[in-house]
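Notes to accompany the following structure.
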Amino acid sequence: MSKILIIDDERIIRENLKRLLEFDEYEVVIAGNGNEGLELFNDFQPEIVLCDIRMPGKDGIEVLKEIKQSSSLAEVIMVTGHGGIESAIQALQGGAFSYLQKPVDYDELEIEIKKALEKQEMVKRLDQHVHDLEKAINEKDEEITRRKEIEKGLKDANNSIQSLNKQLTESKNVAEAANQTKSAFLANMSHEIRTPMNGIIGFSELLRNTTLDNEQNDYVNTICESGNILVALINDILDVSKIEAGQITLENIGFNLEYLIESVLKIVKPLVQGKDIDLLFEFEKDTPQCYEGDPTRIRQILINLVNNAVKFTEKGEIGIHIGTTENKAGKKLLKISVEDTGIGIPEDRVGLIFKAFEQADSSTTRKFGGTGLGLFISQSLVEKMGGNIYVTSQPGKGSQFIFTLDLKETDAVVESAITPLQRENLKDKKALLVDDNKNNLRILAAYCQEMQIIVTYKALRAEEALDWLELQTELPDLILSDVMMPDMDGYELAGKIKAHPKYKHMKVIALTSDARPGSAKEAQNSGFDAYITKPLIKKELIDVILTTLGDNRDKGQIVTRHMAQELSLKGLDILVVEDNKMNQKFILKYLKILGCNADLACNGQEGVEKAASNKYDICFMDMMMPIMGGIEATQEIRKNVSKDLPIIALTAAAMKGDEEKCLLSGMNDYMTKPVNVKKLKEVLGKWVLKDKEPSKK
C-alpha cells in the first residue's frame, strides 16, 4: 500500500483529500504546516507528498527544498490556490514532480499520483540496476572498464532502438502497402468476376426472349439461377475480406423501407415454391417508412436472414415485422425482426451462429448447404450502422432474429423535378455505349434495341468515346458507361463530359462492377447522373434509364435503382370510381404518396364521363354504386370510350362468381375490399409500370 503525506494549512482540504485517497486504498497522514509536515515526513517516509505552497511559517517551497536535500525518493506534488506561473516555475525548478491549481480535480490528481508512483518504480529498478553494476565493478575494481562498458551498453541500446525503429517503420510501410494491395485486389477481383457473370446472366436473359422449348427454357432458367447464386457467394466472400480489413463503408441515400421489404420478398419468393410457407410482412402503426442510409446493405441483411429462415423452415410462416424502439440513451431506432416456424437453434449453439464459417450444427452444411457467412456479415453490417442483432430460438418451434438500426428519418424520395418517362417515349432516343468488355456491349445493345433506343456508337475505351463525340453534330441523349476501364476510367470520362459545355446536357449512367458501398457517392461527385451495379437486371436498368431521362434537376442525389423504383409510379394518371368516402380518402391519399395523379368519380355514370373526356393509365372501379354500378359503367366504357384502358374491379363483393362477372364485363383484374396496399401496388405494377411492353397505339 503506497504512503502519502498531505501538508496543507486548510483543514477541510487536507481531510477531504485524505478520505478520497484512503478510499482508493492509499495509507495517508496529514500535517497542518511545513514544520509538522517535515517531522511526519522523516517518521512516515511517504512515497508521495502533496504540499501546499502558501502556508504560515515554513512555506511549501522551503519544505520542497528540504525534502529534495534528503536522500529520499519521495515525489512532491505542489498544490496552491493563489500562485501564478512564477510559483509553478519555482516549484518545478526546485524538483517538484508536478504542480496543480486549487480547487484540485481529483481525477487529475489521481493521474499525477499514479505517474509519480510509476516514476518511483522505474527509479527503484534503475537504482537496483546501478547497484548491481557497481557491485560487479567493485569486485573487479576496474573503474575505467566499467565506464567503457556502460558507454558501450548505451551505444548498443541506442543502435538497437534505431534498428528497431527502422524495422517498425519498414513493417508499417509493408502493412500499409499490403492493405492497399488487398484493396486493389478486392476491387479488381470484383470487376474480373462480375464481368463474366454479367455476360452469363445477360446472355441468359436475352436467350429467354428467343423461341425455346420447355427443356431449353428450363436449362436457361437454371443457368440464370446458378449465376445469381454464384454472384451472391462471391459478394459474401468479398464482404468478409472487406470486413476483416476494416474496409466496409456505407452509402447515405434516401430510400423507402416498404419498397425495400417488398423487393426482398420478391427475391426470396421463388425459394418457398413447393413449400407450405406463407411470407408475411407487417409495419407497426406510425412506423416511418422513409430513411437515409444504405438500402443495399439493409436489403443484404434482410435477404441473409430471410434466406436463412427459408432454408430451415419446411412449413408454417416466415414474417418480417418492422417497428421502432429506443436505446439506453433514449434515441429512436428502427427495429426489424425476421421470425420463422422452422427447426430452431439449440441453446448451446446460439452463440456460434454469428461467427464466420460457423453454423448451428456440423451437419447443417451437408444437409442444408451454405457457407456460414451470411449471419457474420449481417452482424458486422448492423453494428456498422449503429445497431445490434440478436436471436431467440426454441428447437422445433422456430427462431426470431431481431436487429436495430440507427437511421435518420426523411421525407419520401418522390422528387418534384423528376417525372420518369413512359416506356414508349424511349423510342428513337439515342445512346452511346462505353465498356471495355465486348460481351457487355452486346448485352447493352440488345437491351437498348428491346427498349427501341438507337445505339449510335459502341466504344471499347473512354478515349474512343470522347474522340467520337468530338466529331458529332447530333449528340446522343444518353451515355451508358462502364466505370472500371484501362487508361481513362469511367469517373474521369464522366467528369470530362460534364465539364464540356457542348456535352453537359447529356445524361451519363454508370454501369459498374465496382460494387463497393461509397462508389455511388464517388460516381455522383465525378458527374454521373445515375448509378447501377452489374450484373445488370433488365427491369432495374429500364427503370433507371426512364428516371434519369425524366430528371430535370440542376443537381441532387444521384439516381439509383432504389430511387427509380420509388419513382416508377410517379406521374400516372388514375381514375378512381368509388362512392364510399372512407375508401375515397384512403385510396387518393395513398396514390398521392406514390406520386400518382388521381381523379375521383363518385358513381359509374360520372366515371364514364371522366373516362371519355380524359386519358387515364388505369381505372379502379367499384361495383356497387348509385346511378350506375361498376359492371354497367365498364360495359359502357368498353363500348363507347376505350377497349385498352385497364379497369380493375375494387369491390366488397367477394362471393363466388363475382370475379367472373367483373372479368366478363370487360374488367382486366379484380381486387376485394378492404384495400390491401401491397396488392394495390402489385396491380399497378402489373398493368401500368414502365417495364411493360410499350403500347402499340
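The values are calculated or read from the model by the stated rules, or taken from the named source; none is laboratory data. No experiment lies behind these values; they were computed from the predicted model shown. Every residue, glycine as well, gets a Cβ built from its backbone with ideal geometry; the counts of neighbours run over all protein chains shown. Just so you know, the surface numbers come from the protein's heavy atoms only, side chains and all, with ligands and any DNA or RNA stripped out. Shrake-Rupley method; radii C 1.70, N 1.55, O 1.52, S 1.80 Å.
Against the criterion of solvent-accessible heavy-atom surface with a 1.4 angstrom probe, ILE631, ILE111 sort, most first, into ILE111, ILE631.
Computed on the range 394-509, with alpha-carbon pairs under 8 angstrom and 6+ residues apart, the relative contact order is 24 percent.
Average 1/r across all pairs of distinct alpha carbons in the range 46-137, invert it, and you get the Kirkwood radius: 14.2 Å. When the C-alpha to C-alpha distance is required to be over 22 Å, the pairs from LYS539/LYS661; LYS458/LYS521; LYS427/LYS507; LYS507/LYS555 that qualify are LYS539/LYS661; LYS458/LYS521.
Each label was represented as a point 7 Å from its Cα along the Cα-to-Cβ direction; for THR324 and HIS500 these points are 4.9 nm apart. Computed on the chain, with alpha-carbon pairs under 8 angstrom and 6+ residues apart, the relative contact order is 7 percent. Only one residue of LEU460, ILE648, LEU265 has its Cα farthest out toward the positive end of the dipole of the chain, where Lys and Arg carry +1 and Asp and Glu -1 on Cβ, and that residue is ILE648. Phi angles across the range 446-460 convert, under the Karplus curve 6.51 cos²θ - 1.76 cosθ + 1.60 with θ = phi - 60°, into 3J(HN,Hα) values of 5, 4, 4, 4, 5, 8, 6, 8, 8, 7, 7, 6, 10, 10, 8 Hz, Gly and Pro given as x.
For the chain, the mean residue ellipticity at 222 nm estimated from helices alone is -15500 deg cm²/dmol, where every DSSP H run of n ≥ 4 contributes -39500 (n - 2.57) and the total is divided by all residues, rounded to the nearest 500. Rounded to whole Å, the principal axis extents of the Cα atoms in the range 96-161 read 55, 27, 15, largest first.
Be a star and scan the range 531-564 for residues whose amide nitrogen sits under 17 Å from the point 7 Å along the Cα-to-Cβ vector of ARG208. It comes to 534-544, nothing else. Within the shell defined by Cβ-Cβ distances under 14 Å, the residues around LYS68 carry a net charge of -2, with Lys and Arg each +1 and Asp and Glu each -1. Bridges between two residues of the chain, per DSSP, are antiparallel at a rate of about 30%.
Within straight-line reach of LYS119, meaning a Cα separation under 26 Å, sit the following lysines at least 8 residues removed in sequence or on another chain: LYS3, LYS18, LYS65, LYS68, LYS102, LYS135, LYS152, LYS155. Partner lysines whose Cα lies under 21 Å from the Cα of LYS592, excluding those fewer than 8 positions away in the same chain, are identified as LYS285, LYS570, LYS581, LYS610, LYS615, LYS673, LYS678, LYS679, LYS681, LYS686, LYS690. Net charge in the neighbourhood of GLY495 (other residues with Cβ under 13 Å of its Cβ; Lys, Arg +1, Asp, Glu -1) is -1. From the largest down, the chain spans 120, 60, 59 angstrom on the principal axes of its Cα atoms. With Cα atoms as the point set, the range 512-644 shows a radius of gyration and Dmax of 20.1, 60 Å. Loop-located trypsin sites (Lys or Arg not before Pro) in the range 518-602 (DSSP state other than H, G, I, E, B) with a sparse environment of at most 14 neighbouring Cβ atoms within 10 Å: ARG553, LYS555.
Taking 7 Å steps out from each Cα toward its Cβ at VAL174 and SER160 produces label points 2.1 nm apart. A cut-off of 5 Å between modelled amide H atoms, ignoring neighbours fewer than 5 places along the same chain, links VAL79 with CYS51, ASP52, ILE53, LEU100.
Along the range 327-338 the Karplus relation, 6.51 cos²θ - 1.76 cosθ + 1.60 evaluated at θ = phi - 60°, assigns HN-Hα couplings of 7, 4, 7, x, 7, 6, 10, 6, 10, 10, 10, 10 Hz to successive residues, with x for each Gly and Pro. Sparse packing (at most 11 other Cβ atoms within 10 Å of the Cβ) combined with a DSSP loop state is found for the following GluC sites (Glu not before Pro) in the range 454-559: GLU474. Between MET624 and LYS427, the FRET efficiency estimated from the beta carbon spacing at R0 = 30 angstrom works out to 0.10.
Only Lys, Arg, Asp and Glu carry charge here, each on its Cβ (+1 for the first two, -1 for the last two); on that basis the range 431-575 has a dipole of about 280 debye about its Cα centre.
For MET488, the residues 5 or more places off, or on other chains, whose built amide H falls under 5 Å of its own are ALA462, GLU463. Bridging of LYS496 to aspartates and glutamates at a Cα separation below 17 Å is possible for ASP435, GLU463, GLU464, ASP467, GLU470, ASP477, ASP482, ASP487, GLU522, ASP529, once same-chain residues fewer than 8 apart are set aside. Computing Rg and the Kirkwood Rh from the Cα coordinates of the range 454-515 gives a ratio, Rg/Rh, of 0.92.
Would you mind getting the accessible area per residue of the range 206-329, heavy atoms of the protein chains only, 1.4 Å probe, in Å²? Value for the range 206-329: 51 Å² per residue. The charge dipole of the chain, taken about its Cα centre with unit charges on the Cβ atoms of Lys, Arg (+1), Asp and Glu (-1) only, comes to about 2540 debye.
Size of the range 433-537: Rg and Dmax of its alpha carbons, in Å, are 12.7, 38. Subtracting the Cα-Cα distance of GLU225 and VAL675 from 0.36 nm times their residue separation leaves 158.6 nm of extension gain.
Phi angles of the range 96-105 translate, via the Karplus equation with coefficients 6.51, -1.76, 1.60 and θ = phi - 60°, into HN-Hα couplings of 5, 5, 7, 9, 10, 9, 7, x, 6, 6 Hz per residue; Gly and Pro are given as x. Please find the FRET efficiency linking ASN252 to GLU660, where r is the Cβ-Cβ separation and R0 is fixed at 41 Å, and quote it to the nearest 0.05. The calculated FRET efficiency here is 0.20. Counting Lys and Arg as +1 and Asp and Glu as -1 over every other residue whose Cβ lies under 13 Å from the Cβ of ASN33, the net charge comes to -4. Computed from the Cβ-Cβ distance with R0 of 45 Å, the FRET efficiency linking ARG19 to ASP132 stands at 0.65. Near the amide H of GLU251, within less than 5 Å, lie the amide hydrogens of GLY518, all on another chain or at least 5 residues away, with H placed in the peptide plane. Once the Cα-Cα distance is subtracted from the 0.36 nm per residue extended length, the GLU66 to GLU632 segment shows a gain of 192.5 nm.
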